[in-house]
Structures are given as C-alpha cells and as structure tokens.
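The values are calculated or read from the model by the stated rules, or taken from the named source; none is laboratory data. Since this is a predicted model, take the numbers as computed values, not measurements. No Cβ is skipped: glycine too gets one built from the backbone with ideal geometry, and neighbour counts run over all protein chains shown.
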Amino acid sequence: MKIGFVGLGHMGAPMALNLLKAGHTLSVFDLSEQAMQTLADAGATKAASPKAAVSGAEWVVTMLPAAAHVRSVLTAEDGVLAGIAKGVTIIDSSTIDPASAREFGKLAQAHGNRFVDAPVSGGTGGATAGTLTFMVGGSAELYESVKPVLSGMGKNIVHCGDTGTGQVAKICNNLVLGVTMAGVAEAMALGEALGIDAKVLGGIMNTSTGRCWSSDTYNPFPGVIETAPSTRGYTGGFGTDLMLKDLGLATDAAKSAHLPAFMGAIAQQLYQAMSSQGDGKLDFSAVIKLYRGTKG
C-alpha cells in the first residue's frame, strides 16, 4: 500500500521503518531533515510538506507530540487535508486528548475522509520490534479496515470503541505508567539508601508482588535492566516532558469527569519538578534522580 507518514520522532521513525519492511511504499515528512534522510536511506521518499507526503497516498499515518501539532498538520495550507484524496483514511497515533480526537474526526469527515485515533503503547523498544499495542477509536468497520496497516507496526490491535476512546485507553494506561515509575524509583532509591544491592532488590521485586513493567522492563536504577534507558544515561526513551503532557491529559480528563486523580496529580508534580530543573528531555525513568540527589 502507498502510505503517507508524518512525524518521525523516537516512535514514528521505527514505526515507519517497519511499514517499509512490511513491503509498503512510504512518502514521509518531518521537520528534521536527518530523520527524513534515515527513512529515505531505507527506501522511503522524502516530501517537502505534509501535503506533499499524502499526495496520492492510500493511507495516512500521523505520529506527533501533541494535539496542537496534529491540528496544524491537518489544517495548514500545506497540511494533510490540503493534499489528501477523498475517501482516504487518516490514522493518528499521537497521544492527545479525547475531545481533540473527536474534533479531528469531524474535520476529516467534513473533508470526505475517515479518521481513527490509534495511540500506541510499548515504548521505543516496541516500536523498533514492531510489537506495539494499538488502541483504536472508530467504528467497527473502520477498525477492521485499518488492521492491515497497523499490523505492520504492532502486535496487539485493540478496538476500544468510537472515535476518541483510543485516547481514553492511552491516557489511562499512561496514568498507571507514570505512577508506577515514580513508585519503583522511590523504592529503588530507598533500597540503595538502606544498603541493599540494586540488582538484588530489582530481582526480588521482579519475582514478587512489586513486579510491574516499570520494574522488570524499564527499571529506573542504572544497571538493573541492561536494555533500559537508565543504563544509557536516560537517553533514547520516552521523554519526561511527554510523560508530563500525558499526565496533564489524564488529570484534565479526570476534572472533566468530576473524578479525583490523587496519584496522578502527585506524579504530575514529580515530573514537573524534573522538567523545571532541565531534565525534560531525559527518559521519564530519570525521575529517580529526584530521590537519589547527587548520587543520580
């Protein structure tokens, strides 16, 4: 299939590469020339704008940082809606608020196009391995139609309900992720302060009731999980500022639902403290630095 792909960040680039490996033809756009060149070297065509990237495409995939970026990419003079053919489906894998996803769905429909929100979970490792989970919001018919495209990038493709529900699933999942990472960081730092070897403690947690993804796959203490960002200086993972954005989406959604989000609000403040001290670009597992102080 011929796919227009916009957004080649830490997640978007490996997702696009997997679509190429699956045999699809890609036209790509990103503000980073280097990111586009990496895809071009793998066989994609570089485009001068989102409009150019989707010209002649049978499918469109966007993977962008926030709702404001999605809006701009869709509606700008050189944006997706200016270049897309009628009837083409837009798959937005960005993490944004459910209300914006529904709005973008209406914009696409008014233009004669279909839209699904399909945010992902699985991190950069899952994006590279092609094992991502896609949480899809849209009609049952639309969900079935997008599965062949999403299967080139992910392993678990789940229909969540109507447009916007994919985003509901994603922000709830990332609420858990942000809270559990803060909890694991707190426990690992406490263990270090009390004198237990970090690998021993991590091993115990990962075979006991404290086990979770934040511990057994993405442990924030350097050296406990060799493949985790903590072992490479908290680089190349899911940025703190992105986690802060997602927790903001969750707490805002909780307000709209008149539901308390006690743990989410506390976690949000922790990541806000990280961002304020200049660590916003580090992987969010670097939250342990708030506990370890100079040791971190």
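Here are a few things to note about the model shown:
- For Leu201: the one exception among (1) without any contact (Cβ under 8 Å) to a residue 60 or more places away in the chain; (2) farther than 19 Å from Gly123 by Cβ; (3) surrounded by fewer than 21 Cβ atoms within 10 Å (Cβ to Cβ): (3)
- Selected residue [out of contact with any Phe, Trp or Tyr (no Cβ under 7 Å at 6 or more places or on another chain), of a type in the set (A, V, I, L, M) and touching a residue at least 24 places away in the same chain (Cβ under 8 Å)] from Ala110, Ala101, Ala129: Ala101
- Any helices (runs of 4 or more DSSP H) falling wholly within segment 210-296 and containing at least 1 residues that are over 14 Å from Met181 (Cα atoms): 240-256, 262-276, 289-292
- Candidate set from segment 98-139 (those that are under 17 Å from Cys172 (Cα atoms) and of a type in the set (Val, Ile, Thr)); member that is surrounded by the fewest Cβ atoms within 10 Å (Cβ to Cβ): Thr133
- Just one of the listed residues (Ala40, Ala35, Ala16) is more than 22 Å from the chain's Cα centre (by Cα), modelled with pLDDT of 95 or more and not β-branched (Val, Ile, Thr), and it is Ala40.
- The criterion of at least 3 residues that are surrounded by 15 or more Cβ atoms within 10 Å (Cβ to Cβ) and free of Cβ contacts under 8 Å to residues at least 60 places away in the same chain is met, among strands (runs of 3 or more DSSP E) falling completely within segment 1-78, by 25-29.
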